[in-house]
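Notes to accompany the following structure.
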Amino acid sequence: MTRGRWYLADNKHCIRDNGTRCQPGQFTCMNGRCIRAQWKCDNDNDCGDGSDELERVSFHTCDPTVFTCGNGRCVPYHYRCDHYDDCGDNSDEEGCLFRPCDPNTEFTCGNGRCISTNICIPRSYLCDGDNDCGDMSDESPTHCATATCSQSEFRCSSGRCIPAHWYCDGGADCADGSDEPQSCSEKCIPHDWVCDGDADCADALDEHQNCSRRSCGVNEFTCSNGLCIRSSYRCDRRNDCGDSSDEQSCTYQPCQQHQFTCQNGRCRCIPESWQCDGEDDCGDQSDEDPTHCSTRTCRPGQFKCRNGRCVPQSFKCDVDDDCGDNSDEPLEECSKYI
């Protein structure tokens, strides 16, 4: 750990430390507590986060096949550079060459972490009401108020950009419903848009006028209902056809190692820390499934709450209900630190 900087266990913020947190004759725990120096390496978790019994403190070394953290903790080597603070001091994420985000299609999360991990999300996730970055930087009011959209997109009142053809399509794609104003029910279209293979009316009435179905173009996908959509809309996790035929038999890109794959059939990815937190982030409750939460395993350096949630080990006995069910604050065990 760098002298003069203290890394908090949630890997989100850095606070300055003058290097004299504890008095002479005391040991400084990773969670900031001070204990007697002679309690170090006595096989008793006096710190509450186990930092007085770490390998580095005991002058042990990790197996050559695993990664040795700066604080002495041993973690599997594949945890290195996975965008997640497995060590508890960020040392497994230091010096990593994360790829830069593509400014044309991706947004770089301004995650405020002590060490930048270049987390990239699709630009379509910006200002959509979901905390995709994990730090709300993709939902920043300042950014969303000034966000601009391309000519082929519609800008929601919230700042989110959606494809222009989603405007007045009968579904509220903007969280505030600004793409479906009252005037949509009285939409007028040119006569030559009737029977052109595109559902320009929200109810597709313009494509149900005894139309002779045209063949879709080379760069178009033929929906089961006969409509034509852009090929790029195929398998984009959205029902562009209106009958979901453009999302059938799709192979979606798998979620990253630090993410959880929802079981809603479209491989939605959410941060793994959102599992078992009491909120339906997937939309199908798969991240809150009781069976999943009861059998879920936490990473090294984490404490498993009774409800299945994983929190940093240093959060145990810190007088805060980090678990949400108070299981990280067992009275009998924590009373010695109060």
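The table that follows gives values for the structure above.
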| read-out | value |
| --- | --- |
| Any hit, region 138-146, residues being at pLDDT below 80, within 30 Å of CYS87 (Cα to Cα), of a type outside the set (A, V, I, L, M) and assigned to a loop (DSSP other than H, G, I, E, B) | no |
| Of all residues making up region 265-319, the number that are part of a helix (DSSP H, G or I), acidic (Asp, Glu) and at pLDDT 85 or above | 2 |
| Matching residues in region 309-319 - criterion: being without any contact (Cβ under 8 Å) to a residue 60 or more places away in the chain and under 21 Å from CYS293 (Cβ atoms) | ARG309, CYS310, VAL311 |
| Matching residues in region 14-65 - criterion: being aromatic (Phe, Trp, Tyr), touching a helix residue (DSSP H, G or I) at 6+ places or on another chain (Cβ under 8 Å) and modelled with pLDDT under 75 | PHE27 |
| Subset of region 210-254 [over 11 Å from ASP198 (Cα atoms) and aliphatic (A, V, I, L, M)] | VAL218 |
| Filter pass, ASP240 being in a helix (DSSP H, G or I), charged (D, E, K, R) and at pLDDT 75 or above | no |
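The values are calculated or read from the model by the stated rules, or taken from the named source; none is laboratory data. The structure presented is a predicted model; accordingly, all values stated were derived computationally and were not measured. Note that we place each Cβ from the backbone using ideal geometry, even for glycine, and neighbour counts take in every protein chain shown.
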